[in-house]
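**Student:** Please find one structure pasted underneath; my questions will follow.
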Protein chains: 4
Amino acid sequence: MAGNSFGNCFKLTTFGESHGVAIGGVIDGCPAGLTLDFDAIQSELNRRKPGQSEIVTQRKEPDTVEFLSGIFDNQTTGTPIGFMIKNANQKSKDYSHIKEVYRPSHADFTYEKKYGIRDYRGGGRSSARETACRVVAGAIAKQLLKDIKINAFTSSVGDIFIDKPYQELDFSKTESNIVRCPDQASAEKMIAKIKAIRKEGDTIGGTVTCVLKNVPIGLGEPVFDKLHAELGKAMLSINAVKGFEYGSGFCGARMKGSAHNDLFNEDGTTKTNLSGGIQGGISNGMDIYFRVAFKPVATIMQKQNTINKDGKIVEMQGKGRHDPCVVPRAIPIVEAMAALVLADYYLLNKMYN
Amino acid sequence: MAGNSFGNCFKLTTFGESHGVAIGGVIDGCPAGLTLDFDAIQSELNRRKPGQSEIVTQRKEPDTVEFLSGIFDNQTTGTPIGFMIKNANQKSKDYSHIKEVYRPSHADFTYEKKYGIRDYRGGGRSSARETACRVVAGAIAKQLLKDIKINAFTSSVGDIFIDKPYQELDFSKTESNIVRCPDQASAEKMIAKIKAIRKEGDTIGGTVTCVLKNVPIGLGEPVFDKLHAELGKAMLSINAVKGFEYGSGFCGARMKGSAHNDLFNEDGTTKTNLSGGIQGGISNGMDIYFRVAFKPVATIMQKQNTINKDGKIVEMQGKGRHDPCVVPRAIPIVEAMAALVLADYYLLNKMYN
Amino acid sequence: MAGNSFGNCFKLTTFGESHGVAIGGVIDGCPAGLTLDFDAIQSELNRRKPGQSEIVTQRKEPDTVEFLSGIFDNQTTGTPIGFMIKNANQKSKDYSHIKEVYRPSHADFTYEKKYGIRDYRGGGRSSARETACRVVAGAIAKQLLKDIKINAFTSSVGDIFIDKPYQELDFSKTESNIVRCPDQASAEKMIAKIKAIRKEGDTIGGTVTCVLKNVPIGLGEPVFDKLHAELGKAMLSINAVKGFEYGSGFCGARMKGSAHNDLFNEDGTTKTNLSGGIQGGISNGMDIYFRVAFKPVATIMQKQNTINKDGKIVEMQGKGRHDPCVVPRAIPIVEAMAALVLADYYLLNKMYN
Amino acid sequence: MAGNSFGNCFKLTTFGESHGVAIGGVIDGCPAGLTLDFDAIQSELNRRKPGQSEIVTQRKEPDTVEFLSGIFDNQTTGTPIGFMIKNANQKSKDYSHIKEVYRPSHADFTYEKKYGIRDYRGGGRSSARETACRVVAGAIAKQLLKDIKINAFTSSVGDIFIDKPYQELDFSKTESNIVRCPDQASAEKMIAKIKAIRKEGDTIGGTVTCVLKNVPIGLGEPVFDKLHAELGKAMLSINAVKGFEYGSGFCGARMKGSAHNDLFNEDGTTKTNLSGGIQGGISNGMDIYFRVAFKPVATIMQKQNTINKDGKIVEMQGKGRHDPCVVPRAIPIVEAMAALVLADYYLLNKMYN
């Protein structure tokens, strides 16, 4: 009810504020007998970690996950997996300047109005630091789903878009550059763009595309819990996301039925895939692909006017160490959320078969 | 779990197939003491009803809702509100031609693979007829939320877009034309477009924009159940929807932070509203607005090749009475789902205050 | 949230008041491909039906269930099963005398205080008539669980107890007498007792014992959703129930561990079964058995003082047609709830295996 | 789904094994702005703690709770409260003798069969150590509910029962003796009984009675989530519980309606309270009282035959440090679970008012 859990069968509950003692979570419903690859989990966290490259925030946080339960002899036992990540490098004093101030386009104002109290340090619960917990759970979900391949990548930064369909991209190149764009030429332009933006003390938005391969036929529950509806919710729950589309998406809304319909091959695959691998809310075995829009980070290193608790206009300037563009670090988060959705529906589907 | 319920506090469960005995639903959690305006409920159903104009399907279905429980002396009693709409005018023989055939870009193939059995008549459970039940529940939710104004309208059909911001539109005009576009000049072009498309035996996609006014500050539950995440799921659960964006949406992904930030006025309102009325997943009191993409209807009146259950290619042609464009009839559905989301969060918010 | 649903995987939602248009429900999550035996469903309803014998209420209600969805060619389709039972024989005027009056030990007072409004006709939503919907869903659950045998029976009426362990009873005799007690000698005494009580214008309590055979090992979810915890909730949710115990129950609280422990045989079965077939909240393959206490019906045919809405003392006397003892008609309800619990855990268990 | 969460509005999720790194939990839905009394929380934990007296297990565990999130300046912030209790004093080698052995009337056999793997150290997840997390959450719930008084006490040990109605007891005396029985004469007999049992190397069962005072009218949700149904589930989810009854309970099943009905006073209170403060599943403002049966602890210090994984009979003798009777330490657990149920319904009730 209070919104800190995701999933029904493979359920993640997270807790923790940016500058509290620790963030962490509980995974309830992970099947027993899964031998965990802990390096793979930490490796996903490292993809999300601050300070990993010159185009992301320069905060240094080790982000080491400690597992507290649910694992015995490296195997899951079917009992809840508790874990935490200590908050090692909080510079809380960086935030004393916002104690009384509502930063524009942040959650300061709404948290204060909703709860009457807020942990203002680093955004508290509204900080994207919470997503590290999603990455831990998503990494375990990926191991559960082993044959399903989940590939997210940066598809645009500002006005720089990859100008190729995803089928022409080599996903093994995604990690070969710091912006996580598998098209090297686009990647270079994106990196240059982000550096220029940072120099201006500004930030920039972008989009992430994600492709899910080898998803079995039959995942998804009509009518309200359609597979793409849950994927959409999952993505929209990530900080800074403003939009979600799958398959033909918003372009599909401009098309005619005769052009949009995916005709079948004899084996049940389709000649085209404008459906995006989902029909009637249920996976059809084709690639699932979707696109997620991220707004520019609200904290900029330029002066802005804003208001304080007393409704007075005050001038503020971003301090601390922030990302000029969230997209490179969002890649593992998008993948993690996709993995959580798939793991949930994968288990659910076993129930009815 | 099996996906036929929506909401937690104001919870709708629906049942029914397009050509079964009836469709219907149960609303659990509607507060007691609400005096219902039954005409207003039926009036919402009429907005969704087939046969209402020359640009929608010419099926005739009375779509009269019968309430079975939860209401006494015209007031809600706090107990579940059961209701049904009898399926009066099914022409099931219209569908005998698809008994063995999977229609392209429909849910025939995926339902068959998932369940091993399907009610092929009129799409069965996958038919958009199910949304009539959402409209009933949404109409009650609207009455619960009385001060909140929910205005959806057709913002594009194919390549024809309203070229004005929503603030310049007069929503009282939405119902003045059959395409439900409050901009009369655009409406005329859209209607002409749909008629031309129908003449071709084809279909066309479009978008719906929805504006929520007077939403109280504080609705929405971080971190997974952000208000826009649930709105997104609600919209993506509607048949034929391919995308959702709110506030700046996909355009926001091309912007800089310095341009995107919504600066505050002294009273806590903001000078701009690229946030779309939601910050950190919580409503901030400004207008909430979002856009939903609908693909073109998959059933076209042209010949198409497809496959049958045995994997043989067969030629088929759409029969029955179908919409050339779903958008005009989708307006009340979008509004209904928005009302369900708001009613749910509205009740939830009372719990913690 | 509002309490009208039961189960997660095999989920029943009910609606309806005693004297409204209809009562009914929606079963969501019944697997596809189950061929239904409709006679068996109606037969369960007939076991619960008023007027079936001289020791139950003489109201005449046909209680015929109509299915509205989710079934095609007599098979479940995996979509929600909607159903209703019309309220054919309401004598609402029988209840006009309680419009302003709170009957002792009924729910009149609490419903009025909680909701501010109540449908006073026949107890409205608080009437045990609602349990007919549970019986419908339970009958389907029984068909899903086919190898599991669910046997409830009357184990006491007032001070008359069966003085044998359940292992010595022949459950095929349960339906051979109108009190549903498989021990014929006890049955006769119970029937005589109920008749005598009715003659006094009074009512009497009793207990139901239920034995579940062939339950597979492994059903139940620690730690909060232990199998017996959910069984207990299910039983306590039935009207008039005051207690639940399983296995050794309250007697176990007087025993020593050395006497209470169930020692193993080599095949994993146990020599004794004080555990009641459940250990650590999980079924162990032995018989599950439990006992449910029902209080005497609150409506008696004697004069009683009570209060009206204005807090004035008024004299009232039960009217209408009521049961002198609920236990005979409660047997199919106890079985139905047990079936719902088992169906839910049965499906859940498939998910993790 | 997997059973490690309790509650909807005030929701507790727990994790952790007896001999893992830590046990802990997440409370989601605690309202913001509650100033916490941390001493009171620790004090509840101390009531449950091993080693607190000569009649409980002599294990020494500090059971110090560490809060990880959701609290700022000693106030709840409305975000999830994560906490953990480190497992300081595990003697895991004490359990190596049961690695291959299924202890009688424990959960060893069922966990192994359900999950295919188990953490055998100290019972792993099936250990009652998990209940420490419930006590933490319950202590916070108590602070939320401040006017409601929750009083549990030992009402029997073996055949020694308090022979007075609860109304004659002085609950301020409950903590004055180590068995937590407010009747001093009975307490002395109970303590002597437990000491004698321990000397035999045996264990003994008992009952806990709990009285809830000042519960507001209107808590509870018909029809499935009746207040007593949820209380019953809560109690039955506690380790070793075999039965639950409220109000007249099993005795009520022997009574006549004319004797059982609670007649009203003019102010809406009742002259008697056989209903146990709940009518139609909803609190009526009178005392709620219920009784919980605990079986004798399964681990005894006598030789018993059992089987190992290979189905061979082996002799075993309890080792480690165990309770001769769980009831004294169960008092705070029963109170905690009652507090969790009440907090959940208390918040829920605010939603609909």
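The values are calculated or read from the model by the stated rules, or taken from the named source; none is laboratory data. Just so we're clear, the structure is a prediction, and the values are computed from it rather than from any experiment. Here the Cβ positions follow ideal geometry from the backbone for every residue, glycine too, while neighbour counts run over all protein chains shown.
**Student:** Is one or more of the residues making up region B:228-249 out of contact with any His (no Cβ under 9 Å at 6 or more places or on another chain) and within 24 Å of A:Asp202 (Cα to Cα)?
**Tutor:** Checking region B:228-249: at least one residue is out of contact with any His (no Cβ under 9 Å at 6 or more places or on another chain) and within 24 Å of A:Asp202 (Cα to Cα).
**Student:** Evaluate the following for A:Arg180: is it crowded, with 23+ Cβ neighbours inside 10 Å, on the phi > 0 side of the Ramachandran plot and out of contact with any Asp or Glu (no Cβ under 6 Å at 6 or more places or on another chain)?
**Tutor:** yes
**Student:** Only one of these is touching a residue at least 40 places away in the same chain (Cβ under 8 Å), farther than 29 Å from C:Leu34 by Cα and part of a loop (DSSP other than H, G, I, E, B): C:Arg125, C:Arg180. Name it.
**Tutor:** C:Arg180
**Student:** Scan region D:330-345 residue by residue and report those that are more than 12 Å from chain C (Cβ to nearest Cβ) and either acidic (Asp, Glu) or surrounded by fewer than 22 Cβ atoms within 10 Å (Cβ to Cβ) (or both).
**Tutor:** Matches in region D:330-345: D:Glu335 only.
**Student:** Determine which single condition D:Tyr120 fails, assuming it passes every other condition in (1) surrounded by 20 or more Cβ atoms within 10 Å (Cβ to Cβ); (2) out of contact with any helix residue (DSSP H, G or I) (no Cβ under 6 Å at 6 or more places or on another chain); (3) more than 30 Å from D:Met190 (Cα to Cα); (4) within 14 Å of chain C (Cβ to nearest Cβ).
**Tutor:** (2)
**Student:** Restricting attention to region B:128-158, report how many residues are in a helix (DSSP H, G or I) and among the small types (Gly, Ala, Ser).
**Tutor:** The total comes to 6.
**Student:** Could you say whether any residue in region A:320-328 is of a type in the set (Asp, Glu) and at pLDDT 95 or above?
**Tutor:** The answer is no; no qualifying residue exists.
**Student:** Can you say whether D:Asp262 is under 27 Å from D:Thr13 (Cβ atoms) and part of a loop (DSSP other than H, G, I, E, B), as far as the supplied structure shows?
**Tutor:** When the stated conditions are applied, D:Asp262 does not pass them.
**Student:** Right, here's the next one. Return a yes/no flag: does region B:171-186 have any residue that is within 23 Å of the chain's Cα centre (by Cα) and at the interface with another protein chain (Cβ under 10 Å from one of its Cβ atoms).
**Tutor:** No; the residues of region B:171-186 include none that is within 23 Å of the chain's Cα centre (by Cα) and at the interface with another protein chain (Cβ under 10 Å from one of its Cβ atoms).
**Student:** If you scan region B:231-246, which residues turn out to be within 17 Å of B:Ser5 (Cα to Cα) and either at the interface with chain A (Cβ under 7 Å from one of its Cβ atoms) or β-branched (Val, Ile, Thr) (or both)?
**Tutor:** Hits for region B:231-246 are B:Gly232, B:Lys233, B:Leu236, B:Ser237, B:Ile238.
**Student:** Can you find even one residue in region B:69-81 that is closer than 23 Å to C:Ala22 by Cα, assigned to a strand (DSSP E or B) and free of Cβ contacts under 8 Å to residues at least 40 places away in the same chain?
**Tutor:** Yes: one or more hits.
**Student:** Based on this model, can you work out whether A:Ser258 counts as within 24 Å of the chain's Cα centre (by Cα) and either at the interface with chain B (Cβ under 7 Å from one of its Cβ atoms) or at pLDDT 95 or above (or both)?
**Tutor:** no
**Student:** Considering only region A:329-336, I want to know if a residue exists there that is farther than 30 Å from B:Gly318 by Cβ, within 24 Å of the chain's Cα centre (by Cα), basic (Lys, Arg) and not in a strand (DSSP E or B).
**Tutor:** yes
**Student:** Determine if region B:278-296 includes at least one residue that is part of a strand (DSSP E or B), facing chain A (nearest Cβ under 7 Å), in contact with a Cys (Cβ under 9 Å, 6 or more places away or on another chain) and among the aliphatic types (A, V, I, L, M).
**Tutor:** Looking through region B:278-296, at least one residue is part of a strand (DSSP E or B), facing chain A (nearest Cβ under 7 Å), in contact with a Cys (Cβ under 9 Å, 6 or more places away or on another chain) and among the aliphatic types (A, V, I, L, M).
**Student:** Would you mind stating whether D:Phe294 is over 25 Å from D:Gly220 (Cα atoms) and of a type in the set (Phe, Trp, Tyr)?
**Tutor:** When the stated conditions are applied, D:Phe294 passes them.
**Student:** Also, quick follow-up: Out of the residues in region B:134-170 that are away from chain A (no Cβ under 14 Å) and β-branched (Val, Ile, Thr), which is surrounded by the fewest Cβ atoms within 10 Å (Cβ to Cβ)?
**Tutor:** B:Ile148
**Student:** Sort through C:Ile85, C:Ile71, C:Ile27, C:Ile55 and tell me the only one that's crowded, with 18+ Cβ neighbours inside 10 Å, within 13 Å of another protein chain (Cβ to nearest Cβ) and touching a Cys at 6+ places or on another chain (Cβ under 9 Å).
**Tutor:** When all the criteria are applied, what remains is C:Ile85.
**Student:** Turning to a different aspect of this structure: Evaluate the following for C:His97: is it part of a helix (DSSP H, G or I), under 30 Å from D:Gly285 (Cα atoms) and more than 13 Å from chain D (Cβ to nearest Cβ)?
**Tutor:** Taking the combined requirement at face value, the residue satisfies it.
**Student:** Considering each residue of region A:219-273, count those that are of a type in the set (Asp, Glu), more than 23 Å from A:Met337 (Cα to Cα) and in contact (Cβ under 8 Å) with a residue 12 or more places away in the chain, and give that number.
**Tutor:** Summing the residues that are of a type in the set (Asp, Glu), more than 23 Å from A:Met337 (Cα to Cα) and in contact (Cβ under 8 Å) with a residue 12 or more places away in the chain in region A:219-273 gives 1.
**Student:** When you scan region B:170-178, do you find a residue that is touching a helix residue (DSSP H, G or I) at 6+ places or on another chain (Cβ under 6 Å) and modelled with pLDDT of 95 or more, even just one?
**Tutor:** Yes, region B:170-178 contains at least one residue that is touching a helix residue (DSSP H, G or I) at 6+ places or on another chain (Cβ under 6 Å) and modelled with pLDDT of 95 or more.
**Student:** Scan region B:211-229 for residues that are within 7 Å of chain A (Cβ to nearest Cβ) and closer than 12 Å to B:Phe290 by Cα and jot them down.
**Tutor:** Result: B:His228, B:Ala229.
**Student:** Within region B:3-51, how many residues are out of contact with any Leu (no Cβ under 8 Å at 6 or more places or on another chain), on the phi < 0 side of the Ramachandran plot, in a loop (DSSP other than H, G, I, E, B) and not polar (S, T, N, Q)?
**Tutor:** The number of residues fulfilling the criteria is 7.
**Student:** Do you know which of the residues in region B:30-49 that are small (Gly, Ala, Ser) and more than 25 Å from B:Pro62 (Cβ to Cβ) is nearest to the other protein chains (Cβ to nearest Cβ)?
**Tutor:** Per the stated criteria, the residue is B:Ala32.
**Student:** Sort through B:Leu348, B:Leu274 and tell me the only one that's of a type outside the set (Ser, Thr, Tyr), buried (at least 21 other Cβ atoms within 10 Å of the Cβ) and outside any strand (DSSP E or B).
**Tutor:** Result: B:Leu348 is the single residue among B:Leu348, B:Leu274 that is of a type outside the set (Ser, Thr, Tyr), buried (at least 21 other Cβ atoms within 10 Å of the Cβ) and outside any strand (DSSP E or B).
**Student:** Scanning region C:187-210 for residues that are within 14 Å of chain D (Cβ to nearest Cβ) and among the acidic types (Asp, Glu), which turns out nearest to C:Ala234 (Cα to Cα)?
**Tutor:** C:Asp202
**Student:** Here is a check on your reading of the model: is C:Met316 more than 7 Å from every other protein chain (Cβ to nearest Cβ) and at pLDDT below 95?
**Tutor:** Considered against the rule, which asks whether it is more than 7 Å from every other protein chain (Cβ to nearest Cβ) and at pLDDT below 95, C:Met316 comes out as yes.
**Student:** While we're on this one: Can you find a residue in region B:300-308 that is over 15 Å from the mean Cα position of the chain (by Cα), in a loop (DSSP other than H, G, I, E, B), facing another protein chain (nearest Cβ under 7 Å) and not β-branched (Val, Ile, Thr)?
**Tutor:** So far as region B:300-308 goes, yes, one or more of its residues are over 15 Å from the mean Cα position of the chain (by Cα), in a loop (DSSP other than H, G, I, E, B), facing another protein chain (nearest Cβ under 7 Å) and not β-branched (Val, Ile, Thr).
**Student:** A further question follows. With (1) buried (at least 19 other Cβ atoms within 10 Å of the Cβ); (2) away from chain C (no Cβ under 14 Å) as the list, and D:Lys11 as the residue in question, which single condition is left unmet?
**Tutor:** The one condition D:Lys11 does not meet is (2).
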